[in-house]
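Notes for the one structure printed next.
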Amino acid sequence: MQPDVMSLLLEAGMLLLVGMSVVFLFLTLLIGAVNFIAWVCAKFPEEELTSAVQPSRRAPPAANQSGISAPVVAAITAAVDQYRRQH
Amino acid sequence: MDKLALLWQSTSLAHFEMGQIIMMAVGCLLLFLAIVKKFEPLLLVPIGFGAILTNIPLAGFSEPGGLLYYIYYVGIETGVFPLLIFMGVGAMTDFSALIANPRMLFLGAAAQFGIFGTLFGAIALNLVPGFEFTLKDASAIAIIGGADGPTAIFLASKLAPELLGAIAVAAYSYMALVPIIQPPIMRLLTNEEERNIKMAQLRVVSKREKIIFPLAVLLMTILFLPSATPLVGMFCLGNLMKESGVVDRLSNTAQNELINIVTIFLGLAVGSKLSADKFLTIETLGILGLGAIAFSMGTAAGILMAKVLGKFSKEKINPLIGAAGVSAVPMAARVVNKVGLETNPHNFLLMHAMGPNVAGVLGSAVAAGILLALVG
């Protein structure tokens, strides 16, 4: 029984190393990809759409995933803005 | 007299076993936690009720021919339900905080240490007499550290179906307990000054970036980690439906009606796995213990990574947001925000914490893919 556990432990240790390295590697590559996308998007900016769509599209998703209603988000934003101006 | 005996035999009273009564009590406890304590009620109500139904003697809910048997067979054994939920979660997720500050992916990656560290711990538990976890069992248990219900159920159904009930209950219970588990660890690992750090406002992310992002994630998963494509693919589909803005009807269905319907059946099916012979074991205790350890390790690893990242970064990073790396969207981000506000009532970290939070979802899906590829 004991040697069995030792070999399993060894395997688990390997999984720990390999798993964490792959997760980091994958997400590091993703960081590169996101930066690349941002660079391309900045290089070829969208036409007039950008300014028209942005304000209306940003609020609802924020309300959706955090479960905080739009008016509350608006109030928080306003408060933060005011604070920033004061300091 | 004969008829009376026959009647008696057809009642549950004559057939109750101790285990069934205990499991019904567990089901009632889950209902209590959901209804009175408001712990993940959307899931614990169907799970708790499913646990009661499946333990009714003579009714045979979980035997071939029974309702719960088929729901489990159709939805969980095939892996369909968790994947549909993942699509809905994708349709609810806003990646803009992550796209604006992609380095937050490091925090989502670090928090996955909770998964792999627990995998090691689960195997080490084999040294204690009474525990016999195989590598597959240990992997399925460890994914609790990903703090992501559908991922945990998906992986458990593939690697260790007999432990699924305990794993799902542990995963959802600890997700509900995030506001209790995380803050002490966050306070322990950071000092007042670090908690006070204010972060620069995030840039505005263009619509086009948000549309390309899920496609880029999918492409990379296809290339490097095909075993994670069921999870990541459905997630990206949901997210693309939302961000593309051309299929609002589908996106709304995925994040409302569909996810609600699937949640009911998923909960019932998980509940049907809470039978006495599978749940009332020493392993369940081990799984519950390991789950708590997994959560704590993930939180700690995220915070420590945020500190390291802050050292090498031009912009300041509040280490608290690292705790949100353990997915559990959006609860973990809210907890970060709350702990931040305790130190400085003007420091709102919610949007900053959403970055590592959604990075954690991707991270745990990737970790699940790795475990499937290496252990499954």
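The values are calculated or read from the model by the stated rules, or taken from the named source; none is laboratory data. Keep in mind that this is a model prediction, so the values were computed, not measured. Because the Cβ atoms are built from the backbone with ideal geometry, glycine has one as well, and the counts that use them run over all protein chains shown.
Can you find, within the range B:264-273, the residue that is farthest from B:Phe131 (Cα to Cα) among those that are of a type outside the set (Gly, Ala, Ser) and surrounded by 20 or more Cβ atoms within 10 Å (Cβ to Cβ)?
Going residue by residue through the range B:264-273, those that are of a type outside the set (Gly, Ala, Ser) are B:264-266, B:268, B:270, B:273.
Okay, now just the ones that are also surrounded by 20 or more Cβ atoms within 10 Å (Cβ to Cβ), so B:265-266, B:268, B:270, B:273.
Details: B:Phe265: 31, B:Leu266: 28, B:Leu268: 28, B:Val270: 23, B:Lys273: 20 Å.
Looking at the filtered set, the residue picked out is B:Phe265.
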### Residues located in the range B:215-237, provided they are in contact with a Gly (Cβ under 8 Å, 6 or more places away or on another chain) and closer than 16 Å to B:Ser364 by Cβ
B:Thr221, B:Leu225, B:Ser227, B:Ala228, B:Thr229, B:Pro230, B:Leu231, B:Val232, B:Met234, B:Phe235, B:Cys236
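Kindly evaluate B:Lys136 against the criterion of being facing chain A (nearest Cβ under 9 Å) and touching a residue at least 24 places away in the same chain (Cβ under 8 Å). First the steps, then the outcome.
Working: facing chain A (nearest Cβ under 9 Å): no; touching a residue at least 24 places away in the same chain (Cβ under 8 Å): yes.
Answer is no for this residue.
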### Query
Of the conditions (1) more than 29 Å from B:Cys28 (Cβ to Cβ); (2) assigned to a helix (DSSP H, G or I); (3) within 14 Å of chain A (Cβ to nearest Cβ), B:Glu193 fails just one. Which one is it?
(3)
## Note on the structure
Those residues of the range B:313-362 which are away from chain A (no Cβ under 12 Å) and among the basic types (Lys, Arg) amount to B:Lys314, B:Lys316, B:Lys338
### Message
Filter the range B:274-313 down to the residues that are in contact with a Pro (Cβ under 8 Å, 6 or more places away or on another chain) and crowded, with 22+ Cβ neighbours inside 10 Å and list them by number.
### Response
B:Gly302, B:Ile303, B:Ala306
#### Entry: Where B:Arg103 falls short, out of the listed (1) facing another protein chain (nearest Cβ under 7 Å); (2) within 21 Å of the chain's Cα centre (by Cα)
(2)
### Message
Quick check on the range B:145-157. Is at least one of its residues farther than 20 Å from B:Glu77 by Cβ, within 13 Å of chain A (Cβ to nearest Cβ) and surrounded by 24 or more Cβ atoms within 10 Å (Cβ to Cβ)?
### Response
yes
### Query
Does at least one position in the range B:226-233 carry a residue that is outside any helix (DSSP H, G or I) and under 20 Å from B:Ala97 (Cα atoms)?
no
### Task
Please find, among B:Gly65, B:Gly79, B:Gly60, B:Gly88, the residue that is under 16 Å from the mean Cα position of the chain (by Cα), more than 11 Å from chain A (Cβ to nearest Cβ) and modelled with pLDDT under 95.
B:Gly79
### Message
For a quick check of your reading of the model, give me the residue pairs whose first member lies in the range B:114-130 and is modelled with pLDDT of 90 or more, whose second is not in a helix (DSSP H, G or I), with beta-carbon atoms closer than 7 Å and at least 6 apart or on different chains.
### Response
B:Gly114/B:Val326; B:Ala122/B:Phe133; B:Ile123/B:Phe133; B:Leu125/B:Phe131; B:Leu125/B:Phe133; B:Asn126/B:Glu132; B:Asn126/B:Phe133
## Note on the structure
Note on the range B:314-350: residues surrounded by 24 or more Cβ atoms within 10 Å (Cβ to Cβ) and farther than 25 Å from B:Ile115 by Cβ are B:Gly340
### Message
Go through (1) of a type outside the set (A, V, I, L, M, F, W, C); (2) at the interface with chain A (Cβ under 10 Å from one of its Cβ atoms); (3) in a helix (DSSP H, G or I) for B:Gly114 and report which single condition fails.
### Response
(2)
